[in-house]
Amino acid sequence: MTNIRLSSELRSWIAHNLARGCEPSDLIASMVEQRFEPAVARGIVTAFVSAGGAPAGDSLEIELEEVQFVYETPRLARGNVIDAGDREITVLARFEQPMLAVLGGVLQCDECQQLIELARPRLAQSTVVDPVSGVNAVADYRNSEGMFFRLEETSLISRLDRRISVLMGCELECGEGLQVLRYGAGGHTAPHFDFLLPTNATNEASLARSGQRVSTLIVYLNDVEEGGATVFPSLGFSVTPRRGNAVYFEYANSRRQLDGKSLHAGAPVVRGEKWAMTKWMRSRRFVAA
């Protein structure tokens, strides 16, 4: 089950149209046209119909996998070694459902250290987008510091952006800027999805500009003394942070379905600190707000 926060505008629109006799199927079709994932749209409208109007509260619990996710040909290349242009990447482990791979040697040791030093003076308390208002806010379930680089901001960033776009099987322009995060002792991230749901104006605008996120690459920039693993609850699987290695996963297909099995979290750092770099790819050219 996934918790979906509803904006007041969406609640009013659904309740009003059901009250005036619109067919639920028509509302679902209209929401899909506005870039809602079909299973999400169906779950929201069904909840309103079952409640005989607007459900109580400002959120709903829906099953994202109401319609089985269709796995298509992965964007990540096949094989035990992937040619990323300027570097060969080793595949250490691979899952098919969800599409997930653990990769070795995505960054060199000196590249990891350079990235940390470039990012360090620009770190700020990490925020998340409030699912109702769409406003960035500090949340206790993501206690880290972070920053974003602009696409190809420096020669190093350009080299990494290009290598990673080849590795992820997407055009360079579809990538969001590289994000660097630092977690101190106790730092963690609660279970979440990386794809965007159009439950607020900010997400709606982002989806309209750049399309859905389709894949994620998390590269570890240092060895963590203890803790800090990336955890995938649906698999009972976790990835230990090792400098230069990465975990890659996909969660959106050509049918606009979103893979609920891509749920992931960052386990608390027990000793030391954790530095990581994240890259998100979009279905089309990324345009920042």
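Taking +1 at the Cβ of each Lys and Arg and -1 at the Cβ of each Asp and Glu, which of 10, 121, 157 sits farthest along the dipole of the chain towards its positive end, judged by Cα position relative to the Cα centre?
Positive-most Cα among the choices belongs to 157.
With runs of 4+ DSSP H residues as the only contributors, calculate the mean residue ellipticity of the chain at 222 nm using -39,500 (n - 2.57) per run, divided by the residue total and rounded to the nearest 500.
One gets -7500 deg cm²/dmol as the mean residue ellipticity at 222 nm.
Can you pull the one-decimal nm distance between simple spin-label points at residue 3 and residue 34, each 7 Å off the Cα toward Cβ?
It is 2.3 nm.
Tell me the relative contact order for the chain as a rounded percent, counting alpha carbon contacts under 8 Å between residues six or more apart.
21 percent
Show me, for the stretch 3-20, the HN-Hα J-couplings you get by feeding each phi into the Karplus relation (A = 6.51, B = -1.76, C = 1.60, θ = phi - 60°), rounded to Hz, glycine and proline as x.
Per residue, the Karplus-derived 3J(HN,Hα) values read 7, 10, 8, 10, 6, 4, 5, 5, 4, 5, 5, 5, 4, 4, 6, 5, 5, 8 Hz.
In degrees, nearest 10, range 0 to 90: what is the angle between the Cα axis of helix 201-210 and the longest Cα principal axis of the chain?
On a 0 to 90 degree scale, this one is about 60.
Is the stretch 228-281 best put as rounded, prolate or oblate by its Cα gyration tensor, with a ≥ b ≥ c the root eigenvalues, rounded for a/c under 1.5, and otherwise prolate when a/b is larger than b/c, oblate when not?
Note, shape of the stretch 228-281 comes out prolate.
Could you work out how much longer the chain between residue 235 and residue 156 gets when fully extended? Use 0.36 nm per residue separation minus the Cα distance between them, nm to one decimal.
25.0 nm
Any chance you could run the full-extension gain for residue 73 through residue 108? It's 0.36 nm times the residue separation minus the Cα-Cα distance, nm to one decimal.
In short, 9.7 nm is gained.
Starting from the Cα of residue 61, step 7 Å toward the Cβ, then list every residue of the stretch 227-241 with an amide N under 18 Å from that point.
234
Between the stretch 73-103 and the stretch 243-289, what's the alpha-carbon centroid distance in Å?
Rounded to whole Å, the Cα centres lie 15 Å apart.
What residues of the stretch 235-270 lie in the reach of a label at residue 225, counting those whose backbone N is under 11 Å from a point 7 Å from the Cα along Cα→Cβ?
From the stretch 235-270, the list is 270.
The numbers here are math on the coordinates, done by the rules we state, and not lab data. None of these values were measured; they are calculated from a predicted model. Heads up, the Cβs are rebuilt from the backbone with ideal geometry, glycines too, and the neighbour counts pull from every protein chain shown.
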